[in-house]
Amino acid sequence: MTEARSRRVFFALWPDDEATGHLSALAQSLATGGGRVIRPASLHLTLAFVGAVTSTQVVQLAEIAAAVRVEAFDLALDRLGFWPQRGILWAGCRQTPAALIHLLDALAFELRRAGFAIDHRFGADRVPHITLARRVRCPSLPRLGTPIRWRVSEFALVESHLHPSAASYRTLASFALKGAEA
């Protein structure tokens, strides 16, 4: 029997409340010329996009992710960027931290070993980033003075639902990293 309904899923990091507040304020101050600022609850850093899967595969993905054993780490977003062809304003890392690469590599290894293909590394543009706004005009960007930091203590399996105005996200499961305080 084949499951008819597929679910669109990906793995992501969600910034803590303080980082989310800074990112949201930054988006509001920089997004000009119309467009759409990303809602604070939707701000995330995509680790790996899996795509359409069945409900049975969602369970399998959660089991795979639970087996990933990497250390918690600090992440600093220290760079602003803008992709003019799509009007995307983002905050990211000048240099991808080794701990973030280690998390992605461990997750990708387990996913591939189970037969899952990963469509994207850090999202479509292959740069670790958090999208702040879409369909904006941004002729110039200031330097990001103080980096926006948070302690990455978990990652999540997330389901996305596409809507005409914006995507919505629902965390299906979270996975603690080693050394994360309870």
Inset, instruction - Work out from phi, with θ = phi - 60° and the Karplus expression 6.51 cos²θ - 1.76 cosθ + 1.60, the ³J(HN,Hα) of each residue of segment 59-76, listed in order in whole Hz, and give x for Gly and Pro. - result: 4, 5, 4, 5, 5, 4, 5, 5, 7, 6, 10, 10, 6, 5, 8, 8, 10, 10
Legend entry - For E154, distant residues with modelled amide H under 5 Å away: L177
Inset, instruction - Could you pull out every residue, at least 5 positions away or on a different chain, whose amide H is within less than 5 Å of the one on V53? Hs are placed 1.01 Å off N in the peptide plane, and Pro or chain starts have none. - result: R7, R8, V9
Legend entry - Whether segment 1-75 is rounded, prolate or oblate, judged on the alpha carbon gyration tensor where a/c under 1.5 counts as rounded: oblate
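Could you give the length gained by full extension between V59 and I101, i.e. 0.36 nm per residue of separation minus their alpha carbon distance, to one decimal place? All intermediate terms of the calculation are to be shown ahead of the outcome.
On the way: separation 42, 0.36 × 42 = 15.12 nm, distance 2.45 nm.
The span from V59 to I101 would gain 12.7 nm if fully extended.
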Inset, instruction - Using the number of other C-beta atoms within 10 angstrom as an exposure proxy, rank S24, S140 with the fewest first. - result: S140, S24
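If you average 1/r over every pair of different alpha-carbon atoms in the chain and take one over that average, what Kirkwood value in Å do you get?
Numbers: mean 1/r = 0.0588 Å⁻¹.
Answer for the chain: a Kirkwood hydrodynamic radius of 17.0 Å.
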Legend entry - Filtered GluC sites (Glu not before Pro), segment 2-82: DSSP coil and at most 16 other beta carbons within 10 Å: E3
Legend entry - Table column - 3J(HN,Hα) (Hz), segment 37-46, Karplus curve with 6.51, -1.76, 1.60, x for Gly and Pro: 7, 6, 4, x, 5, 9, 6, 7, 10, 6
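What FRET efficiency would be calculated for the residue pair R137, R112, taking the C-beta separation as r and a Förster radius of 25 Å, to the nearest 0.05? Write down the numbers at each step before the final one.
Numbers: r = 39 Å, r/R0 = 1.57.
Efficiency, from the Cβ-Cβ distance: 0.05.
Placing unit charges on C-beta atoms (Lys and Arg positive, Asp and Glu negative, everything else neutral), compute the dipole magnitude of the chain about its Cα centre in debye, rounded to 20. Write out the running numbers ahead of the final one.
On the way: 21 positive and 15 negative charges, 147 e Å.
Roughly 700 debye for the chain.
Over segment 1-119, what is the relative contact order in whole percent, taking alpha-carbon pairs under 8 Å and six or more residues apart? Numbers along the way, then the final one.
On the way: 121 pairs, mean separation 33.6, N = 119.
In percent, rounded to a whole number, it is 28.
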Legend entry - Label-point separation, E154 to A166 (7 Å along Cα→Cβ), nm: 2.3
Inset, instruction - Using amide H atoms built 1.01 Å from N in the peptide plane, name the residues 5+ places from L132, or on other chains, whose amide H lies under 5 Å from its own. - result: L89, W90, A91
Inset, instruction - Enumerate the calculated ³J(HN,Hα) couplings along segment 147-159 in order (Karplus 6.51 cos²θ - 1.76 cosθ + 1.60, θ = phi - 60°), each rounded to whole Hz, writing x wherever the residue is Gly or Pro. - result: x, 8, 10, 7, 8, 8, 10, 7, 10, 9, 9, 10, 9
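Determine the sum of side-chain charges near G145: Lys and Arg each +1, Asp and Glu each -1, restricted to other residues whose C-beta is under 15 angstrom from that of G145. Walk me through the numbers before you get to the answer.
On the way: positive: R79, R94, R143, R149; negative: D78.
Cβ neighbours under 15 Å give a net charge of +3.
Every number here is computed from the coordinates shown, using simple stated rules; none is lab data. As the structure is a computational prediction, the values presented were derived from the model and not from experiment. Every residue, glycine among them, receives a Cβ derived from its backbone with ideal geometry; neighbour counts consider all protein chains shown.
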